[in-house]
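Quick notes on the structure that follows.
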Amino acid sequence: MCVSICIVCVLQPSYIPSKIIFLYKRLLGGDNLLKIFATQLNGLFTKIRDEQMEDMEDGARLLAQAIIADGKIYVYGTAEMAAVASEAAYGAEPLTHAVALTPDDMEQVSSVDRVLIVTRHSTDTEALAVAQKLADQGISFVTLSTHQESEEESIAELADVAIDLSLRNGLVPTDDGGRCGYPFSMAALYAYYGLKFTIDEILADY
């Protein structure tokens, strides 16, 4: 019975009563939320891989066009999503031709370049402003964000390729019935590596 409760806790955390959460924590050997977080994070990565692979491949092909044309891949990240721009431009294995983009650099982007916009939600106003400028200039771009069901404008509607990070709720249920754990940057970095690996494969075959 306890094992069954644990399985339900991991697979359907949004439906777990607080008493079951408490039991699950006891079975783990204390308030070990990190184990739950790790399991749920792996589930999120699997969801992105299974549901967004085709879009990641399309996005990689679009971004690779800049490299083949000797242009640049500009990466723009809002808030903590700037981690993706840093990884692409300055990481241990930088993305070929990648440059971190700021709003002040927008005039440098040309038609041979491509842009990757990374934000928590598809309705983020800061990201939307950048996306609109790119769309007005006819510059192709890819987005990484959690797609919001809203009447507000969405960067997913402006993007050539929009990849959904699917992080709509916290990954870990809390004792009071709430949620915690919103690893947006981790989800974005996972999707980014899906793009990077595919771009590397494209360039190897080119």
HN-Hα couplings for segment 92-99 via Karplus (6.51, -1.76, 1.60; θ = phi - 60°), in whole Hz with x for Gly/Pro, come out as 4, 10, x, 6, 3, 6, 7, 9
Estimated FRET transfer efficiency when R0 is 35 angstrom, pair Ile68-Asp105 (beta carbons, to 0.05): 0.95
Modelled label-to-label distance, Asp136 and Asp205, 7 Å Cα→beta-carbon offset: nm? 3.8 nm
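Rounded to the nearest 0.05, what FRET efficiency do Glu93 and Glu54 give with R0 = 30 Å and r taken as the Cβ-Cβ distance? Could you check? Intermediate results must be reported in sequence, preceding the final value.
Working: r = 24 Å, r/R0 = 0.81.
The value I calculate is 0.75.
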Where does the Debye-calculated log10 I(q)/I(0) of segment 103-151 sit at q = 0.20 Å⁻¹, using only Cα point scatterers of equal weight, no solvent? -0.67
Column: log10 I(q)/I(0), Debye, Cα scatterers of segment 52-206, q = 0.08, 0.13, 0.19 Å⁻¹: -0.21, -0.55, -1.14
Accessible area per residue of segment 107-169 at 1.4 Å probe, in Å²? 46 Å²
Dmax and Rg, reported as Rg then Dmax, of segment 115-206 (C-alpha, Å): 15.3, 54
In order over segment 138-144: 3J(HN,Hα) from phi, Karplus 6.51/-1.76/1.60, θ = phi - 60°, whole Hz, x for each Gly or Pro, gives x, 9, 6, 8, 10, 10, 10
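Roughly to the nearest percent, how much of the accessible area of segment 47-206 is carbon and sulfur, given a 1.4 Å probe? Spell out each step's value before the answer.
On the way: 3420 of 7540 Å².
After summing per-atom areas, the C and S share lands at 45 percent.
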If you stretched the chain out fully between Val112 and Thr39, how much longer would it get, using 0.36 nm times the residue separation minus the C-alpha to C-alpha distance? 22.2 nm
Would you mind checking which residues have amide H under 5 Å from Thr174's amide H? H placed 1.01 Å from N; only 5 or more apart, or other chain. Arg179, Cys180
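The values are calculated or read from the model by the stated rules, or taken from the named source; none is laboratory data. Worth saying up front: this structure is predicted, and the values here are computed from it rather than measured. Neighbour counts are summed over all protein chains in view; Cβ atoms, including those assigned to glycine, are modelled from backbone coordinates with ideal geometry. Accessible surface is based on the protein model in full, side chains and every heavy atom, while ligands, DNA and RNA are left aside. Shrake-Rupley method; radii C 1.70, N 1.55, O 1.52, S 1.80 Å.
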